[in-house]
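See below for the structure under consideration.
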Amino acid sequence: MAIDKHEQIRLRAYEIWEAEGRPEGSDLRHWMQACDELAGEDEHETLQDLLDQDDRDDAALLQGAGESSDLGPPRAGLGQVAGATTPDIEITTGEKPSARNIKKTEGP
């Protein structure tokens, strides 16, 4: 029976792909949509519902970030210290530095 279900999903995903004008790179979304439709997941959230909810959550967070409150002065975000400056970052290769002195030159 699993083969029949797999074939049903494949055919439905193909129908969705054709209905959308055969776009490239949407195969996973079409497959997931076909799975959702054929599973009859009325009681469960579909992948698109989850993505839409995530977008609404992000929009609410962004909207709240710009609002001020009467709770006092603004505070630094997580991991930040008020009034702190960004430290210089040194990127290394993990090798020991060369003992050779490099002459400073002018110009490009």
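The values are calculated or read from the model by the stated rules, or taken from the named source; none is laboratory data. Just so you know, these numbers come straight off a predicted model, no measurement behind them. Glycine gets a Cβ as well: all are built from the backbone with ideal geometry, and neighbour counts include every protein chain shown. We work out accessible area using only protein heavy atoms, side chains counted, and drop any ligands, DNA or RNA first. Shrake-Rupley method; radii C 1.70, N 1.55, O 1.52, S 1.80 Å.
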### Task
Look through segment 4-32, keep the residues that are more than 15 Å from Q48 (Cα to Cα) and of a type in the set (K, R), and return whichever of them is most open to solvent (accessible area, probe 1.4 Å).
R22
### Task
Considering only residues that are open to solvent by 100 Å² or more (accessible area, probe 1.4 Å) and among the polar types (S, T, N, Q), look in segment 33-79 and name the one that is modelled with the lowest pLDDT.
S68
### Query
What pairs can you find where one residue is in segment 14-36 and in a helix (DSSP H, G or I), the other is modelled with pLDDT of 90 or more and of a type in the set (G, A, S), and their Cβ atoms are less than 6 Å apart, with a gap of 6+ or different chains?
H30/A13; W31/A13; A34/A13
